[in-house]
Amino acid sequence: MSIILYGIPNCDTVKKARAWLAEKGVACEFHDFRKQGVPAALLDGWIAQLGWEKLLNRKGTTWRKLDPAVQGRVTDAGSARELMQAQPSVIRRPVVEWRGRATVGFDPEAWALLAHC
């Protein structure tokens with residue numbers, strides 16, 4: 001199974017993550033949320049594995065630009081899923097599938113163990 005990095009190419013954290021993987025010689029596929037969308041079945045798995053609160057980026061520009069009423073409707077996994085599906089930029093990045101295990105965010109120390117570097 002290959003490693004897949006999900007995100008948006010112009011995101012600084014995604015850029016750092018991709019550079020780190022390349023520097024370590026870790027091959028990965030890149031999935032662009034904006035061009036390819038958010039795979040619904042994977043999103044459900046990420047929510048189950050990581051929790052919707054961890055996936056939802058409430059500090060990012062996309063979240064801050066949302067109408068307060070829209071923000072207020074995000075109260076559980078279902079409402080968060082709906083927003084993440086409609087607005088992929090609100091997902092914390094990167095999400096990485098490591099041979100069946102998902103992580104969110106860039107953590108070089110944890111990644112070194114997962115990538116077997």
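The values are calculated or read from the model by the stated rules, or taken from the named source; none is laboratory data. Everything numeric in this text was worked out from a predicted model, so none of it was measured. A quick note on method: Cβ atoms are made from the backbone with ideal geometry, for glycine too, and the neighbour counts reach across all protein chains shown.
Quick look at the numbers
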| item | result |
| --- | --- |
| Wholly enclosed helices (runs of 4 or more DSSP H) of the stretch 1-109 bearing at least 3 residues of a type outside the set (Lys, Arg) | 12-23, 40-50, 52-55, 61-65, 68-72, 77-86 |
| Residue list for the stretch 14-67, restricted to those being under 16 Å from residue 3 (Cβ atoms), of a type in the set (Val, Ile, Thr) and in contact with a helix residue (DSSP H, G or I) (Cβ under 6 Å, 6 or more places away or on another chain) | 26 |
| The lone exception for residue 51 - which of (1) at positive phi; (2) surrounded by 15 or more Cβ atoms within 10 Å (Cβ to Cβ) it fails | (2) |
| Candidate set from the stretch 61-95 (those that are of a type in the set (S, T, N, Q) and over 19 Å from residue 39 (Cα atoms)); member that is surrounded by the most Cβ atoms within 10 Å (Cβ to Cβ) | 62 |
| Complete set of residues in the stretch 96-117 that are exposed (fewer than 15 other Cβ atoms within 10 Å of the Cβ) and among the hydrophobic types (A, V, I, L, M, F, W, C) | 110, 112, 113, 117 |
| Residue check for residue 94: within 18 Å of residue 14 (Cβ to Cβ) and at pLDDT 95 or above | yes |
| Residue in the stretch 27-35 that is on the phi > 0 side of the Ramachandran plot, surrounded by fewer than 18 Cβ atoms within 10 Å (Cβ to Cβ) and at pLDDT below 95 present | no |
